[in-house]
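J.: Submitted below is the structure of interest, expressed as structure tokens.
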Amino acid sequence: MSPRVLVSDALSQAALAIFKIRGVEVDFQPNLGKDKDKLAAIIGGYDGLAIRSATKVTPQLLELATNLKVIGRAGIGVDNVNLPAATARGVIVMNTPFGNSITTAEHAIAMMFALARQIPAADMSTQAGKWEKNRFLGMEITGKVIGLIGCGNIGSIVAERAIGLRMHVIAYDPFLSPERAAQLGIEKVDLDNLLALADFVSLHTPLTPQTKNILSAENIAKTKSGVHIINCARGGLIDEKALRSALDSGRVAGAALDVFATEPATENPLFGHPNVVCTPHLGASTKEAQENVALQIAEQMSDFLTRGAITNAVNFPSITAEEAPKLKPFIALAERLGSFAGQLAASNINKVSIIYEGALVDLKTKALTAAAIAGVLRPALSDINVVSAPSVASERGVVIDETIRAAEGDYESLITLIVQTKDEKFFIAGTVFHDGKPRVVSINGIKTDAEFSSTMIYALNEDKPGLVGRFASLLGDAGINIATLALGRDHQGGSAISLIAVDDSIPDRVLAGIRMLPEVRQASMLEF
Ligand SMILES: NC(=O)C1=CN([C@@H]2O[C@H](COP(=O)(O)OP(=O)(O)OC[C@H]3O[C@@H](n4cnc5c(N)ncnc54)[C@H](O)[C@@H]3O)[C@@H](O)[C@H]2O)C=CC1
Ligand SMILES: O=C(O)CCC(=O)C(=O)O
């Protein structure tokens with residue numbers, strides 16, 4: 001059956017053809033994002049959800065989205081998606097980080113001119129027949145200082161355009177390297193200096209706990225008197241009431257806002273001020289940008305749903321369509337090795353080390369690591385998944401250590417997992433042969449060769465004659481068929497392992513019987 005995608009916001013129609021060509025059934029309901037009850041009623045039937053900013057993906061909606069595998073945001077900011085809840089449910093969230101950057105930067109520049117020359121107010125006055133030539137005395141942009149708070153994709157484009165307008169550009173961005181600042185021809189400054197020097201302050205950061213209200217009352221008080229403020233990033237970056245007071249007092253000469261703390265903004269403390277220019281979150285709204293992001297998100301979502309490729313996911317490493325089929329059997333291997341170790345771990349796991357060898361060095365090992373961690377933690381946390389595993393491990397203080405090295409041993413590719421608890425370390429290694437099936441090839445340094453099956457017995461025993469027969473009679477007497485049996489030992493008469501794949505679940509009394517065999521030191525039933 002073809003995967004189904006619901007488009008619940010006003011996405012450019014250009015995307016629909018891409019979904020169809022790529023074998024994805026698409027349901028285009030551009031106003032559904034504004035009707036949360038109707039969306040909640042049907043979301044369970046879709047594998048993908050394509051949105052812009054109107055659809056709010058809440059934990060409640062995700063709970064009903066039982067088939068959802070991917071959310072595609074045709075745009076940059078994913079703040080309308082509850083990322084922790086999506087991650088916890090294993091839903092990939094992807095965006096289009098560049099498709100609307102130029103358009104949004106152009107909007108910020110347009111807003112700067114609108115403020116400098118009071119174009120919206122002058123337009124209204126002129127069309128009202130007032131001809132108020134003396135009222136609208138503007139400000140020349142050339143030679144003025146623009147201060148960018150945030151200088152990533154959009155901030156950099158604003159910087160380039162502002163330099164073209166012969167402005168002096170300064171930027172505050174803790175992650176902007178001095179080399180990149182030099183390459184852009186701008187000056188990197190701290191926030192206080194930016195506020196003191198800028199004639200125009202333009203915001204271009206995401207909304208995070210660090211950037212929320214970055215233009216607070218205190219910071220607005222540090223601005224140059226007569227400053228103009230532009231916000232085409234996110235509403236929560238400015239304390240709107242504080243900005244209103246600063247506009248009323250005249251300290252801030254003007255503000256141009258495309259985004260608001262609450263959207264859609266039907267009421268706002270800044271509305272009605274003569275020196276405020278507002279647009280309804282139009283930063284990305286050009287035909288060009290909307291086609292870019294719609295085509296891009298349709299391609300990304302289709303590639304994921306039909307080929308397993310992951311591009312621009314904000315909660316999972318990228319995997320190309322070429323890599324996906326190569327990774328698939330190793331993801332299964334990593335998850336099963338992890339599950340094997342996780343089912344045996346007697347006490348709290350505090351460290352998981354994963355070593356990748358051989359051909360695996362060329363694959364995206366981050367995805368394999370996520371799968372291994374999910375496997376290790378699943379016996380304790382049943383709702384963990386490959387997407388949520390790394391964040392769950394970090395929340396629980398489990399240290400993850402990844403090593404990648406060239407092949408040293410007998411296998412073309414080898415994954416070794418070392419799971420450490422307070423008292424012990426458990427080693428398990430596996431590979432995938434040409435038949436594509438994952439196999440265990442060593443446990444705690446003892447070599448073996450066992451396929452995984454849905455139910456297995458893992459026993460640690462002494463290497464003594466007759467034990468295999470005793471296993472067979474105990475299981476046979478209970479009517480349990482042995483599918484395969486794999487053995488291994490460190491040396492003749494030494495420590496040995498037995499991996500017995502069986503066709504049915506093993507009753508406790510049968511497992512207890514195995515444990516009571518004199519040669520058996522430990523026996524567990526494992527399920528995959
Ligand atoms: N108005 C609209 O329609 C649109 C708004 N946006 C918004 O524009 C903003 C910027 O987008 P991009 O440039 O694509 O993002 P980006 O991720 O490329 O750049 C953001 C920059 O902010 C910097 N930053 C992060 N924390 C900071 C802090 N505490 N102080 C100073 N700088 C900090 C980062 O280092 C980065 O360089 C986002 O909020 C995005 O959602 C994006 C597209 C359209
Ligand atoms: O889709 C839109 O119109 C908003 C774009 C936006 O805010 C973003 O891409 O972050």
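J.: Kindly evaluate G226 against the criterion of being within 16 Å of ligand 2 (Cβ to nearest atom) and either in the same structural domain as H107 (by TED's automatic domain parsing) or free of Cβ contacts under 8 Å to residues at least 24 places away in the same chain (or both).
T.: Here the answer is no, as G226 does not meet what is asked.
J.: Restricting attention to the range 186-210, and to residues there that are within 8 Å of ligand 1 (Cβ to nearest atom) and over 21 Å from A284 (Cα atoms), which single residue is surrounded by the fewest Cβ atoms within 10 Å (Cβ to Cβ)?
T.: Q210
J.: Output the helices (runs of 4 or more DSSP H) that fall wholly within the range 33-126 and possess 1 or more residues being within 13 Å of ligand 1 (Cβ to nearest atom), or say none.
T.: 101-116
J.: Something else: From L333, L295, L305, grab the single residue that is at pLDDT 95 or above, within 16 Å of ligand 2 (Cβ to nearest atom) and part of a helix (DSSP H, G or I).
T.: The match here is L295.
J.: Here's a follow-up. Would you check if A253 is within 16 Å of ligand 2 (Cβ to nearest atom) and outside the structural domain of S53 (by TED's automatic domain parsing)?
T.: It is false that A253 is within 16 Å of ligand 2 (Cβ to nearest atom) and outside the structural domain of S53 (by TED's automatic domain parsing).
J.: Moving on to the next point. Is there any pair linking a residue in the range 38-61 that is modelled with pLDDT of 95 or more to one that is exposed (fewer than 14 other Cβ atoms within 10 Å of the Cβ) and among the β-branched types (V, I, T), with Cβ under 8 Å and at least six apart or on different chains, and which?
T.: Listed pairs, sorted by first residue: G44/T66.
J.: Looking only at the range 219-240, how many residues end up being of a type in the set (D, E) and either in a loop (DSSP other than H, G, I, E, B) or surrounded by fewer than 19 Cβ atoms within 10 Å (Cβ to Cβ) (or both)?
T.: Residues meeting the conditions: 1.
J.: Just the residues that are buried (at least 20 other Cβ atoms within 10 Å of the Cβ) and not in a helix (DSSP H, G or I), please, taken from the range 368-401.
T.: Result: I384, V386, V387, S388, V398.
J.: Return the pair list, or none, for Cβ contacts closer than 8 Å from residues in the range 91-108 that are without any contact (Cβ under 8 Å) to a residue 40 or more places away in the chain to residues that are within 12 Å of ligand 2 (Cβ to nearest atom) and part of a helix (DSSP H, G or I), at least 6 apart or on different chains.
T.: As it stands, the answer is none, since no pair meets every condition given.
J.: Scan the range 241-289 for residues that are within 16 Å of ligand 1 (Cβ to nearest atom), crowded, with 23+ Cβ neighbours inside 10 Å and part of a helix (DSSP H, G or I) and jot them down.
T.: Of everything in the range 241-289, just one residue is within 16 Å of ligand 1 (Cβ to nearest atom), crowded, with 23+ Cβ neighbours inside 10 Å and part of a helix (DSSP H, G or I), namely A289.
J.: Which strands (runs of 3 or more DSSP E) does the range 475-528 wholly contain that include 3 or more residues that are in contact with a Lys or Arg (Cβ under 8 Å, 6 or more places away or on another chain)?
T.: 495-502
J.: Which of the residues that make up the range 266-286 are touching a Ser or Thr at 6+ places or on another chain (Cβ under 8 Å) and within 16 Å of ligand 2 (Cβ to nearest atom)?
T.: H281, G283, A284, S285, T286
J.: Given (1) among the hydrophobic types (A, V, I, L, M, F, W, C); (2) over 30 Å from A393 (Cα atoms); (3) modelled with pLDDT under 95, where does F28 come up short, assuming only one miss?
T.: (3)
J.: Condition first: more than 18 Å from M525 (Cα to Cα) and of a type in the set (D, E). Can you find one or more residues in the range 461-469 that meet it?
T.: Looking for residues that are more than 18 Å from M525 (Cα to Cα) and of a type in the set (D, E), one finds at least one in the range 461-469, hence yes.
J.: Out of (1) touching a residue at least 60 places away in the same chain (Cβ under 8 Å); (2) surrounded by 15 or more Cβ atoms within 10 Å (Cβ to Cβ); (3) under 19 Å from S353 (Cα atoms), what's the single condition that is false for S453?
T.: With respect to (1) touching a residue at least 60 places away in the same chain (Cβ under 8 Å); (2) surrounded by 15 or more Cβ atoms within 10 Å (Cβ to Cβ); (3) under 19 Å from S353 (Cα atoms), S453 is out only on (3).
The values are calculated or read from the model by the stated rules, or taken from the named source; none is laboratory data. Keep in mind that what you see is a predicted model, and the values were worked out from it rather than measured. So basically every Cβ, Gly included, is an ideal-geometry build from the backbone, and we count neighbours across all protein chains shown.
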